[in-house]
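Presented below is the structure to which this report refers.
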Amino acid sequence: MVSMVSGSGEPLSASGRSSEKLSLPSLQSKMKTDPEGYETELHLIRNQFYSALELFQQQAALNFSSISGVGADPTVAKDLSDRAMFLAHVTPFYPKQLAEFPSDLAAFLKSSARTLPSGLRFHATQAVILLVNRKIIDIKDTLSLFMELQTLDDRNLRKLAFSHVVHSIRRMNKNHKNEAKNRSLQNILFGLLQQDDEAKAKRSLITLCELHRRKVWFDERTANAICMACFHSSSRIMIAVLSFLLDYEKIENDDEDSDDLSSEDEMTQNPHVVISKETVYKAHHKGTAASKKKKKAKLQRAIRSMKRQQRLSSESSNCSYYSPLYHLKDAQGFVEKLFSRLQTCNERFEVKMMMLKVIARTVGLHRLILLNFYPFLQRYVQPHQKDITNLLAAAVQACHDMVPPDAVEPLFKQIVNQFVHDRSRPEAIAVGLNVIREICLRMPLLMTEDLLQDLVLYKKSHEKAVSAAARSLITLFREVCPSLLVKKDRGRPMDPKAKPKSYGEVNVLSNVPDIELLEQDDDIGGSEDDESGDEAVSISSDDGNEDNDDEESQYTANDGSEDEDVLDEEGDENDSVDEYESDIDDANEDDSDDEDKGDTEELETEEDDYTEEVSGSSKAGDSAGDGGNEDQKTKASKRKLSDFEGQLIAADTSLRALKRLAEAKTSHASSDSVDGILSDEHFQRIKKLKAKKEAKTALAQQGFKIPSSDQLSFKRVDPSKLEAHVRLRLSKEERLALVKAGREDRGQYQARTAIKQKKTGGLSNRQKDHKKYMPLAAKKAKAQRSRQEKNKKKSRSGKQFRGKKAWKQ
């Protein structure tokens, strides 16, 4: 109640009405409905507030402690807090009378917040928050006050002030962002973050991180300010910043397994997949049931892989990945400064690992060159090192194609020598092979032929983790550089002559990407007509022999069946098949080399020969007449099979030479005819042709698609995947937990007799048989059998030994 007020015993009465005692909440509601009628009560409560305020200020000036004096009186502190809340509620209705109250309350709280009782301080803070929410006080004027309140040793007050700052800034940026106001607030927090006072710097850092995480202040300024806090003099601030940066590097497994995606998710992604109708028809209608099943499975795998690749490319184009490290203005300076602090600091090992991870991630993300970092990592590359998988994952992330291979080679050799040898444990060998694969994926120039062939031999290991890691290394180099592998390990690569780029080599585009697909598509119509004409000429030159036509059709049919068999094959099944296929591939490569050497001679000679043959045949046809045709038929009937095969090969080579010549001419003509202006229709056609090409490669490709250097820089290496298929040793408690988990579905073990005794319900069939009424003949037979058995027992009971007597022998 308000009747007992310090200094006066008069009750609060409404003006012009009978005197009645009113509580502050009821008076507050009446003053909101009728502000003009309660001005006297307002002046009374305002004077009481300022008198109590003067008492507290005098106590602070005379350096009184809060244990004795006015501050120790709980009633005075409660009256002051109640009047402060009352005036904060009615301030919007009396803007003129209470114009100075908000600033006075904020100044009082700022000057004597540490000496006030906790209850009074909390209510005064609530009153200031109320005034800020009603836009009577600007948050810019009170932000430093609320940040200072968070440093006090009062948990409830700290939580209240922090939530108010975050929610008020979020509310301010909800509809539209006021850059000028945000910049002024950021300057206040940035200044607090750079101070040597650890408490203020920590609270400002927490506020900035929360606003950045909620995407309120999601700009480069905030990201740079958070990253630069790594160099604060306090180690606690540095650890907090490192943990915040590493939280963005947590691996999300949602986008790793494409097979786990549901059909609804695939429909929402809606990737642009193009598969030829011929391939779909063959998968459903050609071949036996087993071959059609294999074709369908292969088709589904190709579609899934294409959808996954297109989904990942769309995610990378949409910049779904985000890290504050990506917005560093001077990434090279940041990495060098943090690395120098890492070399000189005396922090515990966990803090050093955090610093090392941030450095490695920044180097990989921005593709920086920090040559001293790799020898520093080399010190810790030991199988018995603590958190060795995290260390190796950081080493992998710090490798990219812009780093000289000579700088990483000692670290690479250290990993090979320490992890991959015969006396090492299988877990260490598997981790070492996986790390080597990831490093070679980014820097394939580090691998040599002898080293690769030694590492590949681990594919015969009985440990699943080791053999899987070795086979993944084989799969990588089948795509990157098949020439480093032995013949039987090469399989059937897409490009047998593929080699990694040399250091510093860059592909510079001089034209629109994939425009050659458009040119090839434009030339398909003309080339098909030319091919049909060439076939007609070759058929007429073979004199139309029916037997030869049958043999040629059989030859082409065999070729077609071989192509289908090639498409049906899923991979290498054993070493003998690998050797056989690799020998065939080598022979084909030698043939292709010989053909390339003889292309120039064929282009020069066979064109003239072809024109002479056509002209000679036309002249002979005009002069010879019908008699000549009869002679040609008789000669064709006497032609041998070897002569026919030789002519067939010659015709095939001449056709290939003519095709190459036609392609060269069309390429020159297309380059001259294109005016350099492409419309939207051209780009749509390029997109469709590219999708068709990707579909063909996905159907023919047995390995995996190598990501680009940009995709690898964004890719985060999961340390747990370096230990794939590794079975860790379980403790006794973990083994017992696994055993008990396997017994959950089973009931408790009991003997049969116990189960029978606990049985409820009717009798069993055997018990029912015992109670059946037996006929008389059956009763007599049973009695006779029982009598005979009793007699046998009696006759045996008196004789202990039924064997042959020894003295009778």
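What follows draws every value from the coordinates through simple rules; no lab data is involved. From a predicted model like this one, the values you see are computed outputs, not experimental measurements. Ideal geometry is used to build each Cβ from the backbone, glycine not excepted, and the neighbour counts take in all protein chains shown.
Which distance in nm do the two modelled labels at Ser291 and Arg685 give, with both placed 7 Å along the Cα-to-Cβ direction?
With each label point 7 Å from Cα toward Cβ, the separation is 3.6 nm.
Decide, for the range 384-468, between rounded, prolate and oblate: order the square roots of the alpha carbon gyration tensor eigenvalues as a ≥ b ≥ c, take rounded if a/c falls under 1.5, and otherwise choose prolate if a/b is larger than b/c, else oblate.
Working: a/c = 1.95, a/b = 1.33, b/c = 1.46.
Judged from the Cα gyration tensor, the range 384-468 comes out oblate (a/c at least 1.5, b/c at or above a/b).
Which pairs break 30 Å Cα to Cα here: Lys357/Lys688; Lys282/Lys307; Lys352/Lys715; Lys413/Lys732; Lys174/Lys329?
The answer is Lys357/Lys688; Lys413/Lys732.
Let a ≥ b ≥ c be the square roots of the eigenvalues of the Cα gyration tensor of the range 94-178; is it rounded (a/c under 1.5), or, if not, prolate (a/b larger than b/c) or oblate?
Because a/c hits 1.5 or more and a/b fails to exceed b/c, the range 94-178 counts as oblate.
Could you sort 232-244, 26-38 so that the peptide with the highest average Cβ count within 10 Å comes first and the rest follow in order?
232-244, 26-38
Sequence gap at least 6, Cα distance under 8 Å: using those rules, report the relative contact order of the range 283-441 to the nearest whole percent.
That works out to 16 percent.
Taking the Cα centroid of the range 369-430 and of the range 443-462, what is the distance between the two, rounded to the nearest whole Å?
16 Å
Cα centroid distance between the range 176-196 and the range 342-365, in Å?
28 Å
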